[in-house]
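Scroll down for the structure; my scribbles are underneath it.
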Amino acid sequence: MLKLLLVSRDKDSFNGLSSVFNGQNDIELEISASGEKTLAIISAKAVDLVVADEDLGDMTGLELARRILRINPMINSAVVSRLTHDEFHEASEGLGIMAQLPGQPGEKDAEELIKKLRQIKGMLS
């Protein structure tokens, strides 16, 4: 079972992702509305992937990824960012971010994330 946590203060911004994730039998999906709430959740239980929106109100998605790394470096993360690929790489270097996502990520993005996560977790050959 994969445990995913979507983090956004806009409940509709991840509709494309959640529709794909909810259709998978081996995925447990949880939603969080802030960075601080997410940090409390991951401190209390295991999560395989955190997908963070660019602006969470109380911190940025990149800041959340940085703070997740300090709590549990084994948690994978993906962050929505409008930075160019090179700017994102520079800003996120060393944070172990699995993917940069566009604003309003969709079904294709969800499918790619799940495939990458399953590869990382050794669930695909």
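The values are calculated or read from the model by the stated rules, or taken from the named source; none is laboratory data. All values derive from a computational prediction rather than experimental measurement. Methodologically, a virtual Cβ is constructed for each residue, glycine included, from the backbone with ideal geometry; neighbour enumeration extends over all protein chains shown.
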- prompt: Can you name every residue in the stretch 64-120 that is under 12 Å from the mean Cα position of the chain (by Cα), among the hydrophobic types (A, V, I, L, M, F, W, C) and part of a helix (DSSP H, G or I)?
  reply: L64, A65, I68, A110, L113, I114, L117
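Can you work out which of the residues in the stretch 40-63 that are among the aliphatic types (A, V, I, L, M) and part of a loop (DSSP other than H, G, I, E, B) is nearest to G16 (Cα to Cα)? Please lay out each step first, then the result.
Taking the stretch 40-63 first, the residues among the aliphatic types (A, V, I, L, M) are 40-42, 44, 46-47, 49-52, 56, 59, 62.
Okay, now just the ones that are also part of a loop (DSSP other than H, G, I, E, B), so 46-47, 56, 59.
Numbers: A46: 24, V47: 20, L56: 18, M59: 23 Å.
Ranking the qualifying residues of the stretch 40-63, first place goes to L56.
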- prompt: Assuming L39 fulfils every condition listed in (1) among the aliphatic types (A, V, I, L, M); (2) within 12 Å of the chain's Cα centre (by Cα); (3) within 15 Å of L4 (Cα to Cα) apart from one, which condition is it?
  reply: (2)
statement: Flagged in the stretch 96-114 as exposed (fewer than 13 other Cβ atoms within 10 Å of the Cβ) and at pLDDT below 95, in numbering order, are G103
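Looking for whichever is out of contact with any Pro (no Cβ under 8 Å at 6 or more places or on another chain) and either more than 21 Å from S13 (Cβ to Cβ) or surrounded by fewer than 16 Cβ atoms within 10 Å (Cβ to Cβ) (or both) here; the options are E93, E54. Which one fits?
Numbers: E54 fails: either more than 21 Å from S13 (Cβ to Cβ) or surrounded by fewer than 16 Cβ atoms within 10 Å (Cβ to Cβ) (or both).
When all the criteria are applied, what remains is E93.
Condition check: among the polar types (S, T, N, Q) and outside any helix (DSSP H, G or I). Does Q24 satisfy that? First the steps, then the outcome.
Details: among the polar types (S, T, N, Q): yes; outside any helix (DSSP H, G or I): yes.
Yes, satisfied.
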message: Among the residues that make up the stretch 19-35, is at least one of them within 20 Å of K108 (Cβ to Cβ), more than 11 Å from the chain's Cα centre (by Cα) and among the acidic types (D, E)?
response: yes
- prompt: Within the set of pairs 6+ apart or on separate chains, which have a first residue in the stretch 1-15 that is closer than 21 Å to K45 by Cα and in contact (Cβ under 8 Å) with a residue 24 or more places away in the chain, a second that is charged (D, E, K, R) and surrounded by 13 or more Cβ atoms within 10 Å (Cβ to Cβ), and C-beta atoms under 6 Å apart?
  reply: M1/E28; L2/D48; K3/E28; K3/D48; L5/E30; S8/D53
- request: Show the residue pairs that are 6+ apart or on different chains and have beta-carbon atoms under 7 Å apart, the first residue being within the stretch 69-82 and on the phi < 0 side of the Ramachandran plot, the second being surrounded by fewer than 11 Cβ atoms within 10 Å (Cβ to Cβ) and among the aliphatic types (A, V, I, L, M).
  value: none
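Every residue in the stretch 43-87 that is more than 21 Å from I114 (Cα to Cα) and of a type in the set (A, V, I, L, M, F, W, C), please. Outline the logic, then answer.
Here is the first cut: in the stretch 43-87, the ones more than 21 Å from I114 (Cα to Cα) are 43-44, 55-60, 63, 66-67, 70-71, 82-84, 86-87.
Answer for the stretch 43-87, where residues must be more than 21 Å from I114 (Cα to Cα) and of a type in the set (A, V, I, L, M, F, W, C): A44, L56, M59, I71, L83.
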